[in-house]
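Asks: Pasting in a structure now, in C-alpha cells, and then I'll have a few things to ask.
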Amino acid sequence: MTSRPAAGGGRWVEVDPARVARWVEGFADRHGPPTTSIEGYGLLLAAPDGATAELHTPPGASASADVPGFVAAVSAPRRLGLLLARKGAVAVGVAAGTDLVVSKVDTRYVQGRTAAGGWSQQRFARRRDNQAKAALGDAVELAVRLLLPEAAILSALVCGGDRRAVDTVLAERRLAPLAALRAERLLDVPEPRHAVLVGAIAAARAVRILVRDPAPDRAG
C-alpha cells in the first residue's frame, strides 16, 4: 500500500485489490460504520465522524453500489492493455489478471539536449526531433502489431510515462479502437523496461482511495 498527499487536502492511498476489504474494515474501526453510495468515480464511504473515503474503480472493473460488490469487481481477472512510452523507449503488453501474457520493449537512441548555440544547436535539435519521431513511429507499429488485435477483448488500455508521447502514439488513426479504451489515469513510470512493464500491472489494478479525515473540533 502506498500513500501520498492529495491536492486540495486529504491523501491518496493505493491498495491491492486483495486488501481492499481489510482496508475498509480498518476505516470502519477508526471512524465508525460508514454509509455507502455509488458515484461517478466508484464508491463513496462516509463515516459518522465526518471522514470520507472515495474508492476509485480501477480500469476495466465494473461499478458496484456496495463494498462486497466493489471488492468482487476489482478482484476479478481482467485483460488489460499496457502502453508505456517515454523518450526513445516504449513498452507494450497485455495482462491477463496479474500475469503478463504479451510483451515487447523497444529502445531507440534519442540524443540528449546540447548546450551548444547557433547553427550547431539547431542541427542537434533537428536530429533529436527526427530521432524522437522515429522512436514514436516504432511505438505505433508495436501497438498495431501487439495491442490492436487484442482490442476487442481488452477491458481497458492503461498508459504510462510521458503524456505527450502516449498522445502522439494513440493519435494514429489505426489505433482508434485502442484510444477508445484508454483509461483516464496516466501511470507515473520511469523509462520503460520489461521490469517496469511487469510493475505496471499492479499499478493498473490497484484501487486508488482518496481519504479525507474529519475536520478538527474547534469547539471551546
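The values are calculated or read from the model by the stated rules, or taken from the named source; none is laboratory data. Everything numeric in this text was worked out from a predicted model, so none of it was measured. Cβ: placed from backbone, ideal geometry, glycine included. Neighbour counts: every protein chain shown. Each accessible area value is taken on the protein alone, full model and side chains, heavy atoms only, with ligands, DNA and RNA left out. Shrake-Rupley method; radii C 1.70, N 1.55, O 1.52, S 1.80 Å.
Asks: Of these, 80, 84, 55, 43, which one is in contact with a Cys (Cβ under 8 Å, 6 or more places away or on another chain) and under 25 Å from residue 186 (Cα atoms)? I'd like the intermediate steps shown before the answer.
Replies: Values: 80 fails: in contact with a Cys (Cβ under 8 Å, 6 or more places away or on another chain); 55 fails: in contact with a Cys (Cβ under 8 Å, 6 or more places away or on another chain); 43 fails: in contact with a Cys (Cβ under 8 Å, 6 or more places away or on another chain).
None of the others qualify; the one that does is 84.
Asks: Of the residues in region 72-94, how many are open to solvent by less than 30 Å² (accessible area, probe 1.4 Å) and either part of a helix (DSSP H, G or I) or closer than 20 Å to residue 176 by Cα (or both)? Walk me through how you get there before you give the answer.
Replies: Step one: of region 72-94, the residues open to solvent by less than 30 Å² (accessible area, probe 1.4 Å) are 73-74, 78, 80-85, 88-94.
Remaining after also requiring either part of a helix (DSSP H, G or I) or closer than 20 Å to residue 176 by Cα (or both): 73-74, 80-85, 90-94.
Summing the residues that are open to solvent by less than 30 Å² (accessible area, probe 1.4 Å) and either part of a helix (DSSP H, G or I) or closer than 20 Å to residue 176 by Cα (or both) in region 72-94 gives 13.
Every residue, every condition in (1) of a type in the set (D, E, K, R); (2) within 17 Å of the chain's Cα centre (by Cα), yes or no:
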| site | (1), (2) |
| --- | --- |
| 57 | no, yes |
| 65 | no, no |
| 68 | no, no |
| 73 | no, no |
| 78 | yes, yes |
| 81 | no, yes |
| 88 | no, no |
| 91 | no, yes |
| 98 | no, yes |
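Asks: Just one of the numbered conditions (1) over 30 Å from residue 20 (Cα atoms); (2) open to solvent by 70 Å² or more (accessible area, probe 1.4 Å) is not true of residue 176; which one?
Replies: (2)
Asks: Identify the residue in region 79-121 that is of a type in the set (Gly, Ala, Ser) and at positive phi and, among all such residues, is modelled with the highest pLDDT.
Replies: From region 79-121, those of a type in the set (Gly, Ala, Ser) are 81, 85, 88-89, 91, 93, 95-97, 103, 112, 115-118, 120; that's our starting set.
Applying the additional criterion that residues be at positive phi yields 97, 118.
Numbers: 97: 95, 118: 49.
Result: 97.
Asks: Does region 157-170 contain at least one residue that is more than 20 Å from residue 58 (Cα to Cα), surrounded by 21 or more Cβ atoms within 10 Å (Cβ to Cβ) and either of a type in the set (Lys, Arg) or out of contact with any Lys or Arg (no Cβ under 8 Å at 6 or more places or on another chain) (or both)?
Replies: Yes, the conditions are met somewhere in region 157-170.
Asks: Kindly indicate which of 208, 182 is touching a strand residue (DSSP E or B) at 6+ places or on another chain (Cβ under 8 Å), free of Cβ contacts under 8 Å to residues at least 60 places away in the same chain and surrounded by 17 or more Cβ atoms within 10 Å (Cβ to Cβ).
Replies: Of the residues listed, the single one that is touching a strand residue (DSSP E or B) at 6+ places or on another chain (Cβ under 8 Å), free of Cβ contacts under 8 Å to residues at least 60 places away in the same chain and surrounded by 17 or more Cβ atoms within 10 Å (Cβ to Cβ) is 182.
Asks: Those residues that are aliphatic (A, V, I, L, M), open to solvent by 50 Å² or more (accessible area, probe 1.4 Å) and either assigned to a loop (DSSP other than H, G, I, E, B) or in contact (Cβ under 8 Å) with a residue 40 or more places away in the chain (or both), I need them from region 33-71; list them, please. If you could, list the steps in order and put the result at the bottom.
Replies: Filtering region 33-71 down to residues aliphatic (A, V, I, L, M) leaves 38, 43-47, 51, 53, 55, 61, 63, 65, 67, 71.
Filter once more, keeping what is open to solvent by 50 Å² or more (accessible area, probe 1.4 Å): 38, 63, 65.
Passing the criteria: 63, 65.
Asks: Follow-up. From the list 4, 30, 22, which one is assigned to a helix (DSSP H, G or I), free of Cβ contacts under 8 Å to residues at least 12 places away in the same chain, open to solvent by 30 Å² or more (accessible area, probe 1.4 Å) and basic (Lys, Arg)?
Replies: On the way: 4 fails: assigned to a helix (DSSP H, G or I); 30 fails: free of Cβ contacts under 8 Å to residues at least 12 places away in the same chain.
After applying the criteria, what remains is 22.
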